[in-house]
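*Asks:* This structure is in structure tokens; I'll ask about it shortly.
The values are calculated or read from the model by the stated rules, or taken from the named source; none is laboratory data. Since the model is a prediction, treat every value here as computed from it, not as a measurement. Please note: Cβ atoms are built from the backbone with ideal geometry, for glycine as well, and neighbour counts cover all protein chains shown.
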Amino acid sequence: MSAKISEKYQIELLSDGLNLQLSGDWRFQSDIPDLDSLLRQILDAHPQKLSFDCQQLGRWDSGLMTFLVKLIRSCKDHNISVDQGTLPTGIQKLLQLAFAVPERKGAHRAILGQPVLAKIGNVTIEMHRNWSDLLAFVGELFFGFLNFLRGRARFRYSDLFFQIEMAGPSALLIITLISVLIGMILAFVGAVQLRMFGAEIFIANLVGLGMAREMGAMMTAIIMAGRTGAAYAAQLGTMQVNEEIDALKTMGISPIEFLVFPRLLALCLTMPLLCIYADFMGIIGGAIVSATMLDISFFQYFQQIQGFVPLRHFGIGIFKAGVFGVLVATAGCFRGLQCGRSASAVGFAATSAVVTSIVLIIVADAVITVLCQLIGI
């Protein structure tokens, strides 16, 4: 008596057990039958022995081998003997190899979670190492700055001009887009509230003060952190992987002076200029919203800004941009020199540079804003 269970196999009930008739192709590309369903049928019959009939078996690969290994192991767990003598010779040899050395109990190492105290200790050690490396980096940077003031800094001015071009003119397009959109967003948000009081003209005050004092420098710094700071980290990290920095040290050339200083100077010089450009682009963005949505002419808009936003607010924003430039360049170069010796370490260094730069920018902006309020600027 036989019971058809699948197109791939049939189970025949014999006097001494079950006979599993395999048919068709058994390949990974084809549909491999569900083993759980077959096991349930076998266990329901309570056989003492399982044999195979492979006369109608077609082409097969490791898909059939995986199926048979799992089936034989399950049968052994339920004290069902398996007759492998009727299987093809190739399958028998592969099964002998599969079961030649049984898996030793406890061979797999148990994965235990790291204790909390160990995690705290590792984080503390990592923070101490980063802090020590940062102090050493800042110290070398300070001595490099002293050598620059004395005219003894060892770097090429062609590298400085190249870095200025990459950090300045090459970033104008993205700065323009983001600044105009930020100005339009500020104007639109202000219009929703000021329209309720009929004070739409004061949108010019909101946009002018916000861009000049905060948003111009802040958005420029964040853009440069993601664009230039990450590039610095990736460049120096790749040089670290290729052992180019070790070669400079071997020749007696300071990597801080030769590699870091041109990038730091370039970003310090271009950030204030980019901030001024971003301020005016943001103001233009606010003017577009005012002219199209609130019927405020460009002349009224710019006249209102000129009377309400003095130059000292622009000066504060430019000063912030200079500080942000130092922080972005320092974070990017520091993470690049701290990079490991693998490709994944370069990606981690670039990511870490962006995160570190943004955190430092936010903290520095908060500190400068509080100091300006205390001084009364």
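*Asks:* Assess whether residue 149 counts as being closer than 30 Å to residue 376 by Cβ, at pLDDT below 90 and either out of contact with any Leu (no Cβ under 9 Å at 6 or more places or on another chain) or buried (at least 17 other Cβ atoms within 10 Å of the Cβ) (or both).
*Replies:* no
*Asks:* Could you pull out the residue among 332, 340, 315, 307 that is within 30 Å of residue 245 (Cα to Cα), out of contact with any Cys (no Cβ under 6 Å at 6 or more places or on another chain) and surrounded by fewer than 19 Cβ atoms within 10 Å (Cβ to Cβ)?
*Replies:* Exactly one residue qualifies, and that residue is 340.
*Asks:* Could you identify the single residue in 241, 289 that is crowded, with 19+ Cβ neighbours inside 10 Å and on the phi < 0 side of the Ramachandran plot?
*Replies:* Only one candidate qualifies: 289.
*Asks:* Do any helices (runs of 4 or more DSSP H) entirely within region 276-377 hold 2 or more residues that are within 23 Å of the chain's Cα centre (by Cα), assigned by TED's automatic domain parsing to the domain that holds residue 257 and hydrophobic (A, V, I, L, M, F, W, C), and if so, which?
*Replies:* Where helices (runs of 4 or more DSSP H) fall fully within region 276-377 and carry at least 2 residues being within 23 Å of the chain's Cα centre (by Cα), assigned by TED's automatic domain parsing to the domain that holds residue 257 and hydrophobic (A, V, I, L, M, F, W, C), they are 311-337, 343-375.
*Asks:* Then there is this: Quick one: count up the residues across region 244-262 that are buried (at least 17 other Cβ atoms within 10 Å of the Cβ) and not in a helix (DSSP H, G or I).
*Replies:* Of the residues in that region, 1 qualify.
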